[in-house]
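The values are calculated or read from the model by the stated rules, or taken from the named source; none is laboratory data. None of these values were measured; they are calculated from a predicted model. In this analysis, Cβ positions are derived from the backbone assuming ideal geometry, glycine residues included, and neighbour counts consider all displayed protein chains.
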Amino acid sequence: MSVDRPTRGYRVFQKVNGVVLTLVVIVTLYPFVNIVARSFSGERQIRAGEVTLWPKGFDLTTYEVVLRDEMFWRNYGNTVLYTAVSTAVAMVLTTCYAYVLSKRQLKGRGFLVTVAVFTMFFTGGLIPTYVLITSLGLKNTVWALALPNAISVFNLLVMKAFFESLPAELEEAAQIDGLSTYGILLRIVLPLSKAVVATMVLFYSVSFWNSWFGAFLYLDRSELMPVTVYLRNLIAGATGGAGAGAGAEQLSQTAANIQAVTIVLTSLPILCVYPFVQRYFVSGVMLGAVKG
């Protein structure tokens, strides 16, 4: 039995494609590797521009300054709490809304889709949103961070397309067996949607983890702040080495690589979580975004 060999043009395409993708990976990884190297480097080497891919003048002063501060750990715990609650709220609302929009026989479906898409292009504005959050008594609570950004329209449309791709016969059979609408969603649809659900959880958790502007607006007390605001203040000089008992030498080292250290500390949890959901990532996005 003969097997067709790839044509010469296809082999050339594979090689060129491999070279291009390798260059893309290098260009993507270099800035992050450089940031990690700077976070462990000494002040003089950083200011002289000697740090590239490997630390020079190994120094952990900035890490010690940040990690010794009790407020850092309190704010880190706040970030974990805010991210977990906000992601849970966002997933419940997005899943329910997307499931409703996937029903073509639903009356008013076009209006609901229009309302969602409209918010992609027009918002209420910063000041009206702030007045609304304040008047509802949500300031200094996790709900001020979770509710205003509870539904991402992009994520909503991806989940809607995924639900529409599921065979309608499955739900019809479940209805015949006596399952309610919520029973069908929980026992039939969601178990078949692990890929897209895991992808949406990743999208939402990364967004909420990195978010700082909402907390900056709606949280007044430092003990309620997420770690992103703490590190933002550290960079801006509102807090820093002096609060942790650092001397002039420590302050100089901290100023030299504080940005690198903060990027590493905020990125580390997401980098640890990503490998566990990566296998769902491509299939979840493609199944929800491509229809044939």
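Scanning segment 31-54 for residues that are in a loop (DSSP other than H, G, I, E, B), of a type outside the set (A, V, I, L, M, F, W, C) and crowded, with 18+ Cβ neighbours inside 10 Å returns S41, G42.
Only one of these is surrounded by 19 or more Cβ atoms within 10 Å (Cβ to Cβ) and either under 30 Å from I127 (Cβ atoms) or modelled with pLDDT of 80 or more (or both): L234, L190, L268. Name it. None of the others qualify; the one that does is L234. Regarding L81, is this residue outside any loop (DSSP other than H, G, I, E, B), assigned by TED's automatic domain parsing to the domain that holds V264 and out of contact with any helix residue (DSSP H, G or I) (no Cβ under 8 Å at 6 or more places or on another chain)? Criteria met by L81.
Examine segment 122-138 for a residue that is touching a Ser or Thr at 6+ places or on another chain (Cβ under 7 Å) and either without any contact (Cβ under 8 Å) to a residue 40 or more places away in the chain or in a helix (DSSP H, G or I) (or both), and state whether such a residue exists. Among the residues of segment 122-138, not one is touching a Ser or Thr at 6+ places or on another chain (Cβ under 7 Å) and either without any contact (Cβ under 8 Å) to a residue 40 or more places away in the chain or in a helix (DSSP H, G or I) (or both), which makes the answer no.
Tell me whether segment 149-165 contains one or more residues that are among the hydrophobic types (A, V, I, L, M, F, W, C), over 18 Å from the mean Cα position of the chain (by Cα) and modelled with pLDDT under 85. Within segment 149-165, not a single residue is among the hydrophobic types (A, V, I, L, M, F, W, C), over 18 Å from the mean Cα position of the chain (by Cα) and modelled with pLDDT under 85. Does I184 satisfy being surrounded by fewer than 19 Cβ atoms within 10 Å (Cβ to Cβ) and either farther than 30 Å from P128 by Cβ or over 23 Å from the mean Cα position of the chain (by Cα) (or both)? It is false that I184 is surrounded by fewer than 19 Cβ atoms within 10 Å (Cβ to Cβ) and either farther than 30 Å from P128 by Cβ or over 23 Å from the mean Cα position of the chain (by Cα) (or both).
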